[in-house]
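Take a look at the structure set out below.
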Amino acid sequence: MGKTVIVNSLGTMIGWTKFTCRILGRDLVGVRKVSYTDSLDITNEKGAGRMDIGEGEGNYKAEFSLELTLEEMTALQASLPPGARIQDIAMFSAISQYEYKGKIYKDVMEGCRFTNRGVDVKQGDKTVATDQKMKISHINWNV
């Protein structure tokens, strides 16, 4: 019997160059990392006997963060009135999209707000980027 050889079965893989992230009406260019995830607390429930008799669902949790260059943060800050903070921006939706085999996949983070603003730079750094943790309500996957 012959051996099956799978060569390049997934085609061109999804990588950083296939991603875009859009917030506040513009595609971010000074973004180095996009991270989002959601989870649902699901547990087995006990009853009579040894085995689980069902399952229970708890709270939903969504997380979203961006690593942005100082230039990107400065551009966002410059779009605000003098004295306003990044955290003052009203809730918005953030869109992450990527292309795979000719189809566009789009995930939408809803109810986003910046929760922090900072700078972390040290000797030898050639660029400055910081993690921006976001408050979000939920993620709509593949909309």
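The values are calculated or read from the model by the stated rules, or taken from the named source; none is laboratory data. What you are looking at is a predicted structure, and each value in this text was computed from that prediction instead of being measured. Reconstructed Cβ throughout: ideal geometry from the backbone, glycine too, with neighbour counts over all protein chains shown.
So which of Gln87, Gln97, Gln132, Gln123 ends up being in contact with a Phe, Trp or Tyr (Cβ under 8 Å, 6 or more places away or on another chain), of a type in the set (S, T, N, Q) and free of Cβ contacts under 8 Å to residues at least 40 places away in the same chain?
Working: Gln97 fails: free of Cβ contacts under 8 Å to residues at least 40 places away in the same chain; Gln132 fails: free of Cβ contacts under 8 Å to residues at least 40 places away in the same chain; Gln123 fails: in contact with a Phe, Trp or Tyr (Cβ under 8 Å, 6 or more places away or on another chain).
None of the others qualify; the one that does is Gln87.
Kindly indicate the residue of segment 1-38 that is of a type in the set (Gly, Ala, Ser) and modelled with pLDDT under 95 and also surrounded by the most Cβ atoms within 10 Å (Cβ to Cβ) among those meeting that condition.
Narrowing segment 1-38 to residues of a type in the set (Gly, Ala, Ser): 2, 9, 11, 15, 25, 30, 35.
Okay, now just the ones that are also modelled with pLDDT under 95, so 2, 9, 11, 15, 25, 30.
Working: Gly2: 4, Ser9: 6, Gly11: 9, Gly15: 8, Gly25: 7, Gly30: 17.
Looking at the filtered set, the residue picked out is Gly30.
Condition check ((1) at pLDDT 95 or above; (2) in a loop (DSSP other than H, G, I, E, B); (3) among the β-branched types (Val, Ile, Thr); (4) closer than 17 Å to Cys112 by Cα) across all residues:
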position	(1), (2), (3), (4)
Leu40	yes, no, no, no
Asn44	yes, no, no, no
Glu55	yes, no, no, no
Lys61	yes, no, no, yes
Phe64	yes, no, no, yes
Ala75	no, no, no, no
Pro81	no, yes, no, no
Would you please list the contacts, defined by Cβ atoms under 6 Å and residues six or more apart or on different chains, that run from a residue in segment 31-48 that is touching a residue at least 12 places away in the same chain (Cβ under 8 Å) to a residue that is hydroxyl-bearing (Ser, Thr, Tyr) and in a strand (DSSP E or B)? Val34/Ser96; Ser35/Ser65; Leu40/Tyr60
Number of positions in segment 129-143 that are closer than 10 Å to Val108 by Cβ, assigned to a strand (DSSP E or B) and among the β-branched types (Val, Ile, Thr): 1
